[in-house]
Amino acid sequence: MNHLESSFTGKNAFWRYLIMIIVVFAATNTIGALPLLLVMGIKAVSDPDIITELATDPSNLAPLGLDQNINLLLTVFPFIIGLLAFIVLIKPLNNKTTGIVINGTGSFRYNRFVISALIWLALSAIYLFVCIKLDPSNFSINNASLSLIPLIVVALLLIPFQASFEEILFRGYLMQGFTVLLRNRLFSLVMTSVLFGLMHGLNPEVEAFGFWTMMPQYILFGLIFGIITILDDGIEAAMGAHTANNVFLLVMNTNESSALQSEALFEQHNIYPWTEFTALFIMGIIVIIILKIIFRWKTFPALLSRVEQGTKTDQIV
């Protein structure tokens, strides 16, 4: 075991984690927002009403009149800045490396990322196919042009940064931080899942369907990715599944309340959040079972075991 056992390396005082979170999110919302603010300023010179339209619905960049792929870049850029800020700060602030946060070692297990992504993509495709067959009137072809090709390329290039940022921060850094606090895997799993859900509290889906309707779904995503992380002793498989989920939605199925808008192949007209929650719950169980078989994970009671400190010194300074 490496991932959570390595939590005790480096410097782990609470204030260090607090500073990391504050600085990383400040970077995403200042430096990360600069390209979008620059574009908004340029566009507002010729059409001041654009500012009013964007203020009404900040998640909808359509008033800017840009290509959807450019909008996607502007949306994902803050996550790239956040990831870079984390990489720069982790050594001086916590005396750790990004590799330690990912899986407790210095190597990245690419096979975990790819296999998990492919399984999630396959199950997502099956679910979408079933939904279309059961309720064809709820879906329409949104984009069957060659513009799907650049969308696929852009999604594959950008979304791994967005998903990796969230996984490194929550299932990596914060899960290790909570492990230092109580040395309990279940506590770390629940806390990071709840915080992951709360981070998405400003998503347009929350405004459309309500906080208490969408929050269970976001937390469930966190629980699924967290369980995968603990059982696989690292975040690579969770990164793969997370990336696959977001790429699939961008390319294959969009709706007007989606946080990541794109010219996807299909548009879904009506969203049923609790149906989606149930489907995600079932899909999460299937993914975990398949990965358990492929990666030969140890038994599930490992989720409940206490994390024992490794041989390296725990520096709470």
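When the charge dipole of the range 5-304 is built from unit charges on Cβ atoms (+1 for Lys and Arg, -1 for Asp and Glu) and taken about the Cα centre, the candidate among Phe170, Thr243, Ile293 whose Cα reaches farthest toward its positive end is Ile293. Each of His269, His3, His200 was scored by other Cβ atoms within 10 Å of its Cβ. Arranged with the fewest first, they read His269, His200, His3. For the charge dipole of the chain, defined by +1 on Lys and Arg C-beta atoms and -1 on Asp and Glu C-beta atoms about the Cα centroid, which residue among Ala208, Phe129, Leu89 has the Cα displaced farthest towards the positive pole? Sorting the options by dipole projection puts first Leu89.
Specify the inter-centroid distance of the range 250-296 and the range 121-173, based on alpha-carbon positions, in whole Å. Centre-to-centre (Cα) distance: 8 Å. Panel note: the C-alpha atoms of the chain, placed on their principal axes, show extents of 60, 47, 35 Å (largest first). Expressed as a fraction of 2.2 N^0.38 Å, the C-alpha radius of gyration for the range 80-189 is 1.43.
Ranked by the mean number of other Cβ atoms within 10 Å of their residues, highest first, the peptides 225-231, 133-139 fall in the order 225-231, 133-139.
Using Cα pairs closer than 8 Å and at least 6 residues apart in sequence, work out the relative contact order for the range 35-102, in percent. So the answer I get is 20 percent.
Step by step: find N for the range 151-232, compute 2.2 N^0.38 Å, then divide the Cα radius of gyration by it. What's the final number? Let's see the in-between values first.
Numbers: Rg = 13.9 Å, N = 82, 2.2 N^0.38 = 11.7 Å.
After normalising by residue count via 2.2 N^0.38 Å, the value is 1.19.
Neighbour counts of C-beta atoms inside 10 Å place Arg306, Arg296, Arg185 in the sequence Arg296, Arg306, Arg185, starting with the fewest. Quick check: Cα centre of the range 196-236 to Cα centre of the range 45-65, how many Å? So the separation of the two Cα centres works out to 29 Å.
The Cα trace of the range 212-289 gives Rg and Dmax of 13.3, 39 Å, the first to one decimal, the second as a whole number. When only Cα pairs below 8 angstrom with a gap of at least 6 residues are kept, the chain shows a relative contact order of 30 percent. Protection proxy ranking, highest mean first, for peptides 21-32, 164-175, 117-128: 164-175, 117-128, 21-32, where packing is the per-residue count of other beta-carbon atoms within 10 Å, averaged.
Since every read-out is calculated from the coordinates, none of them should be taken as a lab result. Predicted, not measured: the structure shown is a model, and the values here were computed from it. Counting neighbours? That spans all protein chains shown, and the Cβs are built from the backbone with ideal geometry, glycine included.
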